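The values are calculated or read from the model by the stated rules, or taken from the named source; none is laboratory data. Worth saying up front: this structure is predicted, and the values here are computed from it rather than measured. Here the Cβ positions follow ideal geometry from the backbone for every residue, glycine too, while neighbour counts run over all protein chains shown. Just so you know, the surface numbers come from the protein's heavy atoms only, side chains and all, with ligands and any DNA or RNA stripped out. Shrake-Rupley method; radii C 1.70, N 1.55, O 1.52, S 1.80 Å.
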Amino acid sequence: MVHEWALAEALLDYVENYAKQKGINHVKRLVVKLGVLQSIDKEILSFSLNQLLSLRDIVIDKIDLIDEPVVLKCRRCGYEWSPKMDDVDESIREAIHFVPETVYSFFKCPRCGSRDFEIVKGRGVEIDSIELGEEK
Amino acid sequence: MVHEWALAEALLDYVENYAKQKGINHVKRLVVKLGVLQSIDKEILSFSLNQLLSLRDIVIDKIDLIDEPVVLKCRRCGYEWSPKMDDVDESIREAIHFVPETVYSFFKCPRCGSRDFEIVKGRGVEIDSIELGEEK
Amino acid sequence: MSDPRLLVIPKRLMGVKHIIPVMSSKGGVGKTLISTVLSLISADNGYRTGLLDLDFTNPSTHIVLGIEPDKLEIIEEKGVIPPTVYGVKYMSIALYSGDNPLPLRGEAVSEAFREILAITRWGDLDYLFIDTPPGISDEHLELLTYLGDRIEALLVATPSPLSIKSVERLIELLVEGKYRINGLIENMSDTRKLVSVSKKYNIRYLGNIPYYH
Amino acid sequence: MSDPRLLVIPKRLMGVKHIIPVMSSKGGVGKTLISTVLSLISADNGYRTGLLDLDFTNPSTHIVLGIEPDKLEIIEEKGVIPPTVYGVKYMSIALYSGDNPLPLRGEAVSEAFREILAITRWGDLDYLFIDTPPGISDEHLELLTYLGDRIEALLVATPSPLSIKSVERLIELLVEGKYRINGLIENMSDTRKLVSVSKKYNIRYLGNIPYYH
Ligand SMILES: Nc1ncnc2c1ncn2[C@@H]1O[C@H](COP(=O)(O)OP(=O)(O)O)[C@@H](O)[C@H]1O
Ligand SMILES: Nc1ncnc2c1ncn2[C@@H]1O[C@H](COP(=O)(O)OP(=O)(O)O)[C@@H](O)[C@H]1O
Ligand SMILES: [Mg+2]
Ligand SMILES: [Mg+2]
Ligand SMILES: [Mg+2]
Ligand SMILES: [Mg+2]
Ligand code: NI
Ligand code: NI
Ligand SMILES: [Zn+2]
Ligand SMILES: [Zn+2]
């Protein structure tokens with residue numbers, strides 16, 4: 001599951017761009033939410049972020065990776081549920097790991113069988129907040 | 001443009017249902033936002049609401065119809081604009097009046113020509129708030 | 001339920017006895033032709049009939065009907081009364097957008113679906129045929145989620161492997177959600193190859209339509 | 001721009017010389033067959049070639065290729081290296097979803113688009129062919145809006161009135177947005193009826209492909 005590197009690149013591109021537009025190359029704290037649906041490997045993501053950071057013209061003092069629990073809600077019958085990703089078949093977990101939207105192939109509403117459900121939260125990697133440092 | 005009646009029915013069905021679920025048949029104030037894109041005729045909508053109310057088992061003390069200005073934002077180039085609906089061709093205004101999404105047939109980004117724009121606000125009829133009265 | 005239109009939509013269809021969406025995830029198998037021709041035959045046979053074009057980003061029932069959609073007179077009476085074309089009550093977004101391009105993201109598709117179904121007054125009908133777009137996206141999900149207990153899906157497929165795989169995926173979705181399936185039509189085919197698919201899923205096989213040159 | 005993936009997507013395609021989405025709003029005109037066969041011919045002729053299936057809710061390039069998509073080995077190396085099929089670097093959501101139904105609302109389509117394009121490492125390619133779904137919705141708009149300056153659209157139409165009207169709507173959209181159009185292929189046709197459409201919009205006519213029985 002080492003594709004976390006690609007997502008780390010996207011995160012840092014974004015943070016770097018965001019900071020530079022404000023003329024800053026120092027971030028005090030970056031908070032990234034990890035939607036549990038995607039089963040992101042925190043260690044690998046952390047490792048990737050740190051490796052990438054050492055090559056970039058930006059300093060981030062602290063990176064917090066925070067799990068966000070999954071909540072799904074059926075549009076047909078209104079039922080809300082939180083699948084336990086640990087209980088999910090390994091090959092399905094892997095598919096959802098790469099493309100979380102494949103969840104619509106594998107999950108359905110436990111109450112009515114509909115696949116028209118909303119991922120209320122916990123989909124995948126998302127930037128929660130960026131706390132900038134001083135101007136460069 | 002007398003199809004406002006159909007929208008008034010939808011609004012009152014919703015309000016009635018909402019209030020009844022709480023065991024109430026008295027609403028102090030209903031605020032409805034009218035997105036300017038849809039060029040809703042306020043007098044006709046008001047008239048329809050009042051006519052319909054006289055036949056229903058619910059009392060609404062005060063209905064406020066509030067215009068919401070249109071803001072469109074291009075996803076391609078980021079340009080934001082507010083079309084003046086009064087200047088729009090009558091037949092186009094009429095089409096958008098019935099189905100606001102036909103705006104994607106008639107409008108495009110004034111800067112880059114893209115039709116992939118977001119209706120940030122001002123699409124059409126929307127309930128803003130319902131202030132309930134006492135229990136029945 | 002936070003959209004006022006969703007409550008009124010089932011009411012607008014209360015006078016309709018049978019709601020028949022013509023479906024197949026594959027494009028080009030004949031959904032538009034079949035839904036349109038069925039509505040004409042139905043009206044011809046004296047049934048009160050409607051035709052709704054749900055292929056918002058590529059509406060084409062009006063082309064089969066041979067009419068200019070934005071020139072029809074639309075009567076407003078506590079909503080919109082669909083114009084009657086060859087005896088069929090007809091509604092399409094093209095009545096408003098004409099033949100202009102209409103690119104819609106999914107969210108806009110949902111909005112258009114709800115708006116059109118909330119304002120259209122079909123009155124009493126025996127049959128409402130619905131032309132649907134290819135794929136399985138917002139148009140289909142709105143239909144299944146908000147009118148799922150009303151519809152009787154009419155499936156169309158050709159005997160090509162691409163079309164068979166697509167219709168099987170759709171059938172699985174419909175079966176597991178316990179939606180009603182009217183039957184399966186095998187289009188552009190001289191064989192009855194899809195009898196086996198019908199049997200596999202216990203669906204009525206409605207027959208094959210040859211390819212007309 | 002609030003989605004971190006949008007910045008990285010153009011980078012992932014930096015090594016690709018030509019990005020060729022095969023498009024037509026109409027279904028069943030041959031987009032899937034043509035995009036797949038073109039990628040095979042291109043690879044056969046020694047060009048470094050990729051094929052991306054963007055028809056998320058009804059993927060079918062794998063059926064034309066005759067492979068079981070979820071059995072391919074996918075290499076991960078700072079992202080996802082698309083598996084090579086008959087010399088073509090191949091990416092489809094079906095590598096993950098297999099042949100299960102995949103109903104997606106537009107918002108989910110956008111998410112899947114961004115995720116797949118953000119993680120796929122195509123490397124250096126001469127041609128990346130993209131199979132697109134019918135209609136004009138999220139898949140197409142994501143492509144035009146976020147990769148619009150990179151694409152060279154290859155249009156496909158048949159000589160049927162339904163298909164001509166659809167491709168005209170698409171051409172209008174592309175022209176007004178100043179997107180590049182590679183040319184127009186007339187498929188399933190013994191005539192060169194669409195030369196006139198090409199001329200009307202000043203588009204290269206690439207030829208007609210007969211209907212093969
Ligand atoms: N049985 C048939 N014989 C010959 N042509 C057909 C037949 N059924 C459909 N067609 C033609 O095939 C094309 C695709 O049909 P259409 O109804 O547009 O499919 P869909 O709506 O599923 O995309 C159209 O040009 C249509 O006229
Ligand atoms: N030139 C052709 N001759 C015969 N069959 C064709 C030709 N082009 C496409 N087809 C067939 O027509 C059907 C629709 O083609 P497809 O590529 O799936 O279209 P689309 O992707 O536009 O929906 C498929 O069964 C395909 O094999
Ligand atoms: Mg809205
Ligand atoms: Mg059609
Ligand atoms: Mg296709
Ligand atoms: Mg989101
Ligand atoms: Ni991984
Ligand atoms: Ni009106
Ligand atoms: Zn449910
Ligand atoms: Zn723009």
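Using a cutoff of 8 angstrom between alpha carbon atoms and counting only pairs six or more residues apart, the relative contact order for the range A:36-136 works out to 39 percent. Taking all protein chains together and rolling a 1.4 Å probe, D:ASP149 ends up with roughly 120 Å² accessible.
Rolling a 1.4 Å probe over the protein heavy atoms leaves C:LYS165 with an accessible area of roughly 60 Å². Measure nothing but the geometry: give the 0 to 90° angle between the long axis through the Cα atoms of D:138-147 and the longest principal axis through the Cα atoms of chain D, rounded to 10°. Tilt of helix D:138-147: around 80 degrees. Taking 14 Å as the straight-line reach from the Cα of C:LYS17, the aspartates and glutamates in range (excluding those fewer than 8 positions away in the same chain) are C:ASP124, C:ASP126, C:ASP149, C:GLU152.
The accessible-area ordering, largest first, of the residues B:SER82, D:SER163 stands as B:SER82, D:SER163, per a 1.4 angstrom probe. Contact-buried residues of the range D:174-205, at a threshold of 30 Å² lost accessible area versus the chain by itself: D:GLU176, D:GLY177, D:TYR179 (1.4 Å probe; DNA, RNA and ligands ignored). Residue ranges D:102-110, C:73-81, D:199-207, D:59-67 sort as D:102-110, D:59-67, C:73-81, D:199-207 when ordered by packing (mean number of other C-beta atoms within 10 Å per residue, highest first).
Taking all protein chains as present, what is the carbon and sulfur share of the accessible area of the range B:1-132, in % to the nearest whole number, probe 1.4 Å?
Here it works out to 45 percent.
Taking the DSSP beta bridges with both ends in chain C, the antiparallel portion is around 10 percent. Only helices reaching 18 angstrom along their own axis (Cα) with mean Kyte-Doolittle hydropathy no lower than 1.6 count here, and not one DSSP H run of chain A does. Cα centroids of the range D:126-187 and the range C:115-129: 33 Å apart.
Report the antiparallel proportion of the DSSP beta bridges in the range B:1-132 as a percent, rounded to a multiple of 5. Close to 60 percent.
Using the 1.4 Å probe convention, the accessible area of the range C:81-213 works out to 35 Å² per residue with neighbouring protein chains retained.
Over 28 Å apart at the Cα level, from the set D:LYS11/D:LYS89; C:LYS89/C:LYS199; A:LYS84/C:LYS178, are C:LYS89/C:LYS199.
Placing unit charges on C-beta atoms (Lys and Arg positive, Asp and Glu negative, everything else neutral), compute the dipole magnitude of the protein assembly as shown about its Cα centre in debye, rounded to 20.
Working: 84 positive and 102 negative charges, 228 e Å.
Dipole about the Cα centre, nearest 20: 1100 debye.
Measuring between their Cα centroids, the range B:38-81 and the range A:43-105 lie 40 Å from each other.
For the range C:1-109, what does the alpha-carbon gyration tensor say about shape, rounded, prolate or oblate, given a ≥ b ≥ c as the root eigenvalues, a/c under 1.5 as rounded, and a/b over b/c as prolate? Rounded, because the longest to shortest axis ratio a/c is under 1.5. For the peptide A:100-113, the mean number of other protein chain Cβ atoms found within 10 angstrom of a residue's Cβ is 6. Which of rounded, prolate, oblate describes the range C:80-158, given a ≥ b ≥ c as roots of the alpha-carbon gyration tensor eigenvalues and a/c under 1.5 marking rounded, otherwise prolate only if a/b is larger than b/c? Taking the square roots of the gyration eigenvalues as a ≥ b ≥ c, the range C:80-158 is rounded. Apply the a/c threshold of 1.5 to the C-alpha gyration tensor of the range A:1-132 and tell me whether it is rounded, prolate or oblate. Judged from the Cα gyration tensor, the range A:1-132 comes out prolate (a/c at least 1.5, a/b above b/c). Backbone amide hydrogens, once placed in the peptide plane, bring B:ASP128 within less than 5 Å of B:VAL31, B:VAL32, B:LYS33, excluding anything fewer than 5 places away on its chain.
Charged side chains reduced to their Cβ positions (Lys and Arg at +1, Asp and Glu at -1) give chain C a dipole of some 800 debye around its Cα centre. The mean number of Cβ atoms from other chains found within 10 Å of a Cβ in peptide D:142-154 is 2, as a whole number. Each of A:GLU43, D:GLU152, C:GLU142 has its accessible area taken with a 1.4 Å probe; listed largest first, they run A:GLU43, D:GLU152, C:GLU142.
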